[in-house]
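Q: Take a look at the following structure, please.
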Amino acid sequence: MLPFGGTSVQRAILDQQTSGDNLFFIGFMGAGKTTIGRAVAHELGRPFFDTDHEIETRCGVRIATIFELEGEEGFRQRESRVLDELTQRSGIVLATGGGAVLRPENRAMLRARGQVVYLDASLPEIWRRTRRNRNRPLLQTDNPRARLEALFCERDPLYREIAHIVMPAHGGSIAQAVANVLARLDLAPPDPFPHA
């Protein structure tokens with residue numbers, strides 16, 4: 001087993017109040033959760049976290065190595081522990097891994113502990129962004145396109161189930177995406193020169 005720190009997810013999550021001061025980005029691999037999440041955090045002056053990066057930092061190895069040594073189930077256990085720990089913080093922006101929504105307890109804690117933004121990317125766009133990436137263990141198969149489609153069909157309903165807001169993942173600049181997120185969440189700073 002690889003070293004790991006984290007807290008238990010054995011608690012009643014669904015009864016918790018939604019925390020409006022946390023912002024969680026969910027969506028498929030390649031949707032831009034980390035890029036847009038980091039930019040939103042910068043704009044709001046909040047700390048930013050990425051669950052995949054946190055897991056790699058704590059374990060000292062890449063996610064692909066965790067998959068190789070412990071399988072997907074081992075990785076998902078680690079992911080749930082990190083997610084539980086991070087979502088209990090206050091005033092953060094968090095980008096989750098694409099498969100974080102697979103476990104019911106993860107979906108419950110995300111929905112209960114912050115505002116959830118689903119960055120909705122089309123399957124062709126996801127394929128374009130991920131097809132040459134060798135650091136995505138779930139796509140290292142004989143037919144990665146078919147695997148991608150199967151994963152998308154499985155996960156898209158789960159993203160929609162817990163999202164407070166669904167937004168297009170692509171199109172326009174990062175700055176525009178950030179502005180759209182903040183506007184949808186009513187977090188945009190007031191216009192210093194409002195139109196008369």
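Q: Quote the FRET efficiency, to the nearest 0.05, computed for Arg128 versus His53 with a Förster distance R0 of 22 Å and r equal to the Cβ-Cβ distance.
A: So the FRET efficiency works out to roughly 0.40.
Q: Along the stretch 31-47, what does the Karplus equation 6.51 cos²θ - 1.76 cosθ + 1.60 (θ = phi - 60°) give for ³J(HN,Hα), rounded to whole Hz, x for Gly and Pro?
A: These are the phi-based 3J(HN,Hα) values: 7, x, 4, 5, 4, 6, x, 4, 5, 5, 4, 4, 4, 8, x, 10, x Hz.
Q: By count of other Cβ within 10 Å, fewest leading, how are Glu105, Glu79, Glu54 ordered?
A: Neighbour counts put them in this order, fewest first: Glu105, Glu54, Glu79.
Q: Still on this structure, I have one more. Order of 124-130, 22-28, 36-42 by packing, highest average Cβ count within 10 Å first?
A: 22-28, 36-42, 124-130
Q: Using amide H atoms built 1.01 Å from N in the peptide plane, name the residues 5+ places from Gln115, or on other chains, whose amide H lies under 5 Å from its own.
A: Correct list: Asn22, Leu23, Phe24.
Q: Using the alpha-carbon centroid of each, what span in Å lies between the stretch 104-128 and the stretch 142-175?
A: Between the Cα centres of the stretch 104-128 and the stretch 142-175 lies a distance of 7 Å.
Q: Still on this structure, please answer the following. Collect residues whose amide H, placed 1.01 Å from N in the peptide plane, falls under 5 Å from the amide H of Arg103; neighbours closer than 5 in sequence don't count.
A: Hits under the 5 Å cutoff: none.
Q: Using only the alpha carbons of the stretch 23-184, what is the convex hull's orientation-averaged projected area in square nanometres?
A: Mean orientational projected area (the stretch 23-184, Cα hull): 8.9 nm².
A short reminder: the numbers here are calculations on the coordinates, not readings from a lab. Just so we're clear, the structure is a prediction, and the values are computed from it rather than from any experiment. Neighbour counts run over all protein chains shown; Cβ positions are idealised from the backbone, glycine included.
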